[in-house]
Amino acid sequence: MYWSEMAGTFGLVLIGPGAVAIGLSHAWISIAFGLIVTFMILIFGKTSGAHINPAVSFAFYLIGKDRMHLVYIPFQLLGAFTASLLLWILLPENQTYGETVPAVSVVHAFWIEVLITWILMTSILLIIKTKNLLLIAITVGFVVFAAAFIAGPFTGASMNPARSFGPALFAGEITILWLYFIAPLLGAG
């Protein structure tokens with residue numbers, strides 16, 4: 001289970017921030033995030049639930065679905081770190097590695113991240129009742145795509161502390177990282 005979370009988060013951070021790092025257009029970046037989330041849920045949904053996001057694991061912990069979900073978080077962060085390390089090796093000339101940086105005020109970015117993470121978590125909680133993995137994967141992937149498409153230009157549409165953690169470490173820009181931890185945890189909680 002834990003290694004599934006590491007592998008799923010690795011895939012998410014390699015493809016999503018990787019799309020940002022190689023300079024794809026905003027639309028393609030949004031599509032990349034939506035598709036990789038869809039695929040990671042399809043691949044790892046049966047083994048760990050494919051949270052691939054500390055905010056999602058935190059929310060499931062809060063609602064008492066499984067108290068062990070907090071143990072996923074170090075594995076998710078490790079997956080993000082290793083994916084960012086690979087981006088650093090593959091793209092040595094890149095300076096950002098797909099990091100999330102707000103293009104609006106910190107206050108606005110904070111509340112945008114809270115809102116889009118709340119929308120993501122709400123959609124997850126509603127759709128998992130179907131127990132249909134394909135429907136769950138498509139729905140959550142689409143929500144991630146839509147949030148990235150709408151909010152990406154303002155905040156990077158992280159919704160995920162692990163997604164922001166790895167790239168920030170390798171870009172050497174951790175001063176705003178608190179926003180991308182606290183806002184998603186608050187929104188999902």
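The values are calculated or read from the model by the stated rules, or taken from the named source; none is laboratory data. Quick caveat, the model's predicted, so the values are computed rather than measured. Reconstructed Cβ throughout: ideal geometry from the backbone, glycine too, with neighbour counts over all protein chains shown. The protein model used for the area step is the full one, side chains on, heavy atoms only, and it has no ligands, DNA or RNA in it. Shrake-Rupley method; radii C 1.70, N 1.55, O 1.52, S 1.80 Å.
Quick notes on this one:
- Take the conditions (1) touching a residue at least 24 places away in the same chain (Cβ under 8 Å); (2) surrounded by fewer than 15 Cβ atoms within 10 Å (Cβ to Cβ); Gly8 misses just one of them, which is (2).
- Selection status of Val107, hydrophobic (A, V, I, L, M, F, W, C), assigned to a helix (DSSP H, G or I) and either crowded, with 19+ Cβ neighbours inside 10 Å or without any contact (Cβ under 8 Å) to a residue 24 or more places away in the chain (or both): yes
- Val37, sole failed condition from (1) open to solvent by 50 Å² or more (accessible area, probe 1.4 Å); (2) under 22 Å from Leu134 (Cβ atoms); (3) of a type in the set (Val, Ile, Thr): (1)
- Restricting attention to the range 97-108, the residues being in contact with a Phe, Trp or Tyr (Cβ under 9 Å, 6 or more places away or on another chain) and under 16 Å from Leu179 (Cβ atoms) number 6.
- Number of positions in the range 68-99 that are within 17 Å of Ala55 (Cα to Cα) and among the polar types (S, T, N, Q): 1
- Scanning the range 40-49 for residues that are surrounded by 21 or more Cβ atoms within 10 Å (Cβ to Cβ) and at pLDDT 95 or above yields a total of 3.
- Annotation note: Cβ proximity below 8 Å between a residue of the range 173-189 that is open to solvent by 90 Å² or more (accessible area, probe 1.4 Å) and a residue that is among the β-branched types (Val, Ile, Thr) (sequence gap 6+ or interchain) occurs for Leu186/Val114; Leu186/Thr117.
- Cβ pairs under 6 Å, 6+ apart, first in the range 47-70 and without any contact (Cβ under 8 Å) to a residue 12 or more places away in the chain, second open to solvent by 40 Å² or more (accessible area, probe 1.4 Å): Tyr61/Leu70
- Residue in the range 56-104 that is least open to solvent (accessible area, probe 1.4 Å), counting only those that are assigned to a loop (DSSP other than H, G, I, E, B) and either over 25 Å from Thr155 (Cα atoms) or in contact with a strand residue (DSSP E or B) (Cβ under 7 Å, 6 or more places away or on another chain) (or both): Gly64
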